[in-house]
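Notes follow the structure.
The values are calculated or read from the model by the stated rules, or taken from the named source; none is laboratory data. As the structure is a prediction and not an experimental result, all values here were calculated from the model. Neighbour counts are summed over all protein chains in view; Cβ atoms, including those assigned to glycine, are modelled from backbone coordinates with ideal geometry. For accessibility, only protein heavy atoms count, side chains too; no ligands or nucleic acids. Shrake-Rupley method; radii C 1.70, N 1.55, O 1.52, S 1.80 Å.
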Amino acid sequence: MSVLADQFRPGTFVDAFRFMNDHFGLLAHKTLQHMELSGAALGIALLIALPLGVWLGHLHRGSFIAISASNLGRALPSLVLIAFGITILGIGFWNNTAALTILAVPPILTNAFFGVDGVDRDVVEAARGMGMTGRQVLLRVELPLAAPLVFAGIRIAAIFVIATATIAAVAGGGGLGEIIVNQASYRLAGVVAASLWVSFLAFAAAGVLALLRKSLTPGLPRAD
């Protein structure tokens, strides 16, 4: 069967699940690569964007930075970032990590800023009136109240990074994208199977973050 003849049909999903069973080791290995790449990018983005967004929100300054970051995140094409990174970092893990980090920063930074900045000023003033320092107000009042929006930004970034990491295969990044972009070797069944695993990873990450948010901030409303 040629690649051109390997088209989607009603039994493709059955073939995809059969592929999962026959190539479970391959999918598991590529999934670990995918998680390593996505986790590294998200972790670096958190280290950069979360403290900056929280700090600017606490100071009620930097709305231009937050809005610009949000607009930049929507405007930057993932493939262009990866291609540009090849000229600096070459092909491989760190090129793709850098590109995905840049894509993950805007939603984390924007939500952290507006989450903290949007806390009711009367509540903050009441906390200060009780003798709390600026640090105590941030940690005990602003961050707990901003947590739903902050976690929403992290969840958006995580889903975005996991989905976009499939493109990393074109620049030697590994992961499930290597199966998705290589229909000639894995056929459509492999492409669909790997795509389903990427979707599962994204949903799993969103679920884990939702549970983490609930455990850290019980009783607070959702910010979906």
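Distance between the 7 Å Cα→Cβ label points at A126 and A210: 3.0 nm. Ranking R121, R155, R140, R135 from most to least accessible surface, computed with a 1.4 Å probe over the protein chains only, gives R135, R140, R121, R155. The heavy atoms of I65 present about 80 square angstrom of accessible area, all protein chains included, probe 1.4 Å. Remark: the Cα gyration tensor places the range 117-224 in the prolate category, a/c being 1.5 or greater and a/b exceeding b/c. When nucleic acids and ligands are ignored and a 1.4 Å probe is applied, W55 ends up with an accessible area of around 140 Å².
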